Amino acid sequence: MSGANGNDVSTGRVRAVGTPAVRTESLWKVYEHDDIRVEAVRDVTLTIEQGEFVVLAGPSGSGKTTLLNMVGGLTRPSEGGIWIDGIDVTALSERDLARLRLERLGFVFQAYNLLPVLTALENAEFTLLLRDVPADQRRARVEKLFERIGMGGLEDRRPGKLSGGQQQRVAVARAVVGEPALVLADEPTANLDTATSTALIDLMAELNRDLGTTFVFATHDTRLMDRARRVIRLVDGAVVDDDRRD
């Protein structure tokens with residue numbers, strides 16, 4: 001399937017060598033109601049390379065979640081451009097945006113967003129189901145990943161029978177099992193205790209290192225910021241610092 005600009009969004013694991021995972025140019029998000037104008041994101045130009053482990057940091061109201069949602073195609077920008085794997089996101093129809101999210105992006109949310117009537121395995125394989133991957137292949141891929149992330153033997157448990165940390169591990173598995181170009185995570189450790197948060201951060205760092213998956217987080221969790229190789233700080237919707245680390 002092609003977007004409005006002719007870009008193919010249907011092949012999630014085919015990536016052009018040297019193409020940034022994310023590029024934004026003069027990106028704005030403005031909300032207006034009556035005489036009130038709120039500039040949630042102001043003139044943000046960024047490039048995030050494939051394989052980076054990046055945190056968008058800032059206090060509540062800094063614009064980090066709005067920026068993350070625009071990159072993920074969940075919120076349309078007021079002005080500016082966004083490219084994912086070289087695809088012009090702003091030129092896509094709603095249908096092609098949904099296809100892009102399915103094929104090329106993974107999402108991890110603060111509230112887990114697992115379906116309570118499905119088992120852990122069924123939740124983790126959900127994006128593969130939407131991609132029409134055969135059932136035996138879906139199960140094999142999820143079971144292999146579950147063993148890797150410490151969820152082996154819990155495949156048949158529903159979310160209500162899992163701890164918060166286990167639910168978030170299922171959410172991470174769902175995000176990465178389809179080998180997306182990019183994983184976007186909004187406050188993934190906010191509801192977890194220190195030990196569970198550390199284990200989850202270790203897991204995502206390992207997946208980043210071993211699979212080359214690009215991670216972009218919106219967070220104010222200092223534990224996650226300490227592990228990131230790049231911290232982009234926002235204040236009042238604008239980038240005020242871009243700290244790259246060894």
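The values are calculated or read from the model by the stated rules, or taken from the named source; none is laboratory data. Note that this is a predicted model, so its numbers are computed, not measured. So basically every Cβ, Gly included, is an ideal-geometry build from the backbone, and we count neighbours across all protein chains shown. In case anyone asks, the SASA skips ligands and DNA or RNA and just uses the protein heavy atoms, side chains included. Shrake-Rupley method; radii C 1.70, N 1.55, O 1.52, S 1.80 Å.
The C-beta contact set for the stretch 216-234 (first residue under 18 Å from residue 50 (Cα atoms), second residue part of a helix (DSSP H, G or I) and among the β-branched types (Val, Ile, Thr), distance under 8 angstrom, 6+ apart or interchain) comprises 216/71; 218/65; 227/201.
Consider the stretch 78-105 and keep the residues that are at negative phi and in a strand (DSSP E or B). The one that is surrounded by the most Cβ atoms within 10 Å (Cβ to Cβ) is 84. If you go through the stretch 106-119 and keep only what is open to solvent by less than 60 Å² (accessible area, probe 1.4 Å) and not polar (S, T, N, Q), you end up with 106, 107, 108, 112, 114, 118. Of all residues in the stretch 193-212, which are open to solvent by less than 10 Å² (accessible area, probe 1.4 Å) and within 16 Å of residue 48 (Cβ to Cβ)? Listed by number, the residues that qualify are 204, 208.
Among the residues of the stretch 77-91, the ones that are closer than 15 Å to residue 182 by Cβ and of a type outside the set (D, E, K, R) come to 6 in all.
Scanning the stretch 50-63 for residues that are under 14 Å from the mean Cα position of the chain (by Cα) and either open to solvent by 20 Å² or more (accessible area, probe 1.4 Å) or on the phi > 0 side of the Ramachandran plot (or both) gives 50, 51, 52. Within the stretch 101-121, residues that are in contact (Cβ under 8 Å) with a residue 12 or more places away in the chain reach partners that are open to solvent by 60 Å² or more (accessible area, probe 1.4 Å) with beta carbons closer than 6 Å, at six or more positions or on different chains, in the pairs 102/130; 119/156; 119/158; 120/157. Please determine, by comparing only the residues of the stretch 154-169 that are more than 21 Å from the chain's Cα centre (by Cα) and open to solvent by 30 Å² or more (accessible area, probe 1.4 Å), which one is nearest to residue 110 (Cα to Cα). By that ranking, first place goes to 163.
Condition check ((1) in contact with an Asp or Glu (Cβ under 8 Å, 6 or more places away or on another chain); (2) open to solvent by 20 Å² or more (accessible area, probe 1.4 Å); (3) at pLDDT 95 or above; (4) not in a helix (DSSP H, G or I)) across all residues:
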site: 121; (1), (2), (3), (4): yes, no, yes, no
site: 141; (1), (2), (3), (4): yes, yes, no, no
site: 144; (1), (2), (3), (4): no, yes, no, no
site: 152; (1), (2), (3), (4): yes, yes, no, yes
site: 171; (1), (2), (3), (4): no, no, no, no
site: 175; (1), (2), (3), (4): no, no, no, no
site: 184; (1), (2), (3), (4): no, no, yes, yes
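Under the condition of being open to solvent by 90 Å² or more (accessible area, probe 1.4 Å) and part of a strand (DSSP E or B), which residue from the stretch 31-44 is nearest to residue 69 (Cα to Cα)? Of everything passing the filter in the stretch 31-44, 31 is nearest to residue 69 (Cα to Cα).
Here residue 126 clears all of (1) over 19 Å from the mean Cα position of the chain (by Cα); (2) more than 26 Å from residue 224 (Cα to Cα); (3) open to solvent by 50 Å² or more (accessible area, probe 1.4 Å) except the condition numbered (1).
Scanning the stretch 27-41 for residues that are over 21 Å from the mean Cα position of the chain (by Cα) and touching a residue at least 12 places away in the same chain (Cβ under 8 Å) gives 30, 39. The sole residue among 47, 66, 19 that is among the β-branched types (Val, Ile, Thr), on the phi < 0 side of the Ramachandran plot, modelled with pLDDT of 95 or more and not in a helix (DSSP H, G or I) is 47. Each residue in the stretch 214-246 was checked for being part of a loop (DSSP other than H, G, I, E, B) and open to solvent by 10 Å² or more (accessible area, probe 1.4 Å), and 6 pass.
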